[in-house]
1. Treat every Asp and Glu Cβ in region 1-61 as -1 and every Lys and Arg Cβ as +1, leave all other atoms uncharged, and give the resulting dipole magnitude about the Cα centre to the nearest 20 debye.
2. If N is the number of residues in the chain, what value comes out of its Cα radius of gyration divided by 2.2 N^0.38 Å?
3. So what is the relative contact order of region 132-249, in percent, for Cα pairs below 8 Å that sit 6 or more residues apart?
4. Looking at region 21-107, which chymotrypsin sites (Phe, Trp or Tyr not before Pro) are in a loop (DSSP not H, G, I, E or B) and have at most 15 other Cβ atoms within 10 Å?
5. With 23 Å as the limit, write out which pairs from 11/214; 3/214; 154/219; 3/154; 83/147; 54/214 have Cα-Cα distances beyond it, or answer none.
6. Can you list the aspartates and glutamates whose alpha carbon is less than 19 Å from that of residue 110, not counting same-chain residues fewer than 8 positions off?
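Rule-based calculations on the coordinates, nothing more; no lab input. Remember, predicted model here, so these are calculated numbers, not experimental data. Cβ atoms come from the backbone with ideal geometry, glycine included; neighbour counts cover every protein chain shown.
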Amino acid sequence: MRKHIVAGNWKMNNDLAQSVALISDLKRQNQTSNAEVMIAPTFTNLWHTTENLKSSPIEVIAQNMHFAENGAYTGEVSAEMLKSIGVNTVILGHSERRAYFNETDEMLAKKVDAALEHNMRVIFCFGEELADRQASTHESVVANQIKNALFHLKATDFQSIVLAYEPVWAIGTGETASPEQAQEMHQFIRKTLSDAYGDTVANAMSILYGGSVKPANAKEIFSKPDVDGGLIGGAALNAEDFYAIVNAF
């Protein structure tokens with residue numbers, strides 16, 4: 001059975017005091033679902049968050065990492081550095097990393113390899129822009145992002161991969177992706193994986209939806225058969241809203 005996962009990406013939000021307050025609020029929430037819960041604070045707050053949530057079921061994950069072990073990469077963080085503070089899962093390929101920092105599929109393939117070499121779990125993000133959706137090339141764009149970064153892996157490697165589909169055109173654009181559109185794309189993603197690696201790998205893969213999930217729409221989105229959870233942005237900065245999404249399962 002596929003895992004249900006709700007991961008909160010704090011992005012570049014919350015200083016230390018704000019992080020402490022949010023962590024305290026998260027601890028007070030009542031989780032009534034069986035979903036795995038993850039949060040991704042900023043790098044400066046990772047260690048403090050892992051220390052404060054050691055006895056909690058909430059997993060602390062990283063927003064990004066470099067593919068190199070070490071060296072002259074000013075401002076970057078390696079897999080070993082993350083592992084050394086108890087972080088075992090990393091988000092890679094987020095749409096903002098692709099758009100603002102020019103991360104390519106080839107670069108992301110190297111990052112995925114580095115994470116897997118250190119026995120880390122990867123939440124791998126991908127998704128089409130508005131122009132791709134309008135041109136009806138969204139399926140080919142998504143398929144290529146997945147294939148270019150992941151299809152060099154062995155079937156067994158996918159046990160450490162979680163996929164996260166981000167319809168970039170539906171985030172902050174005024175456009176809205178319906179639960180049916182989410183299901184349609186998730187089904188396509190699973191078939192793409194099945195065609196390459198077989199039904200066993202595809203049916204075991206958790207595919208998260210990252211298109212502005214909120215308490216008001218989470219239950220309907222999560223009810224779709226190929227949607228296994230969410231990668232949550234803004235709503236993850238409010239403990240009550242975040243757990244309303246978690247408990248939507």
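1. Details: 6 positive and 5 negative charges, 39 e Å.
In total the dipole reaches around 180 debye.
2. Details: Rg = 17.0 Å, N = 249, 2.2 N^0.38 = 17.9 Å.
Taking the Cα Rg and dividing by 2.2 N^0.38 Å, one obtains 0.95.
3. Numbers: 129 pairs, mean separation 29.7, N = 118.
Dividing the mean separation by the residue count of region 132-249 yields 25 percent.
4. Details: sites: 43, 47, 67, 73, 100, 101; in loops: 67, 73.
Passing both the DSSP loop test and the Cβ count: 73.
5. On the way: 11/214 17 Å; 3/214 20 Å; 154/219 34 Å; 3/154 21 Å; 83/147 27 Å; 54/214 27 Å.
Exceeds cut-off: 154/219; 83/147; 54/214.
6. 69, 76, 80, 96, 157
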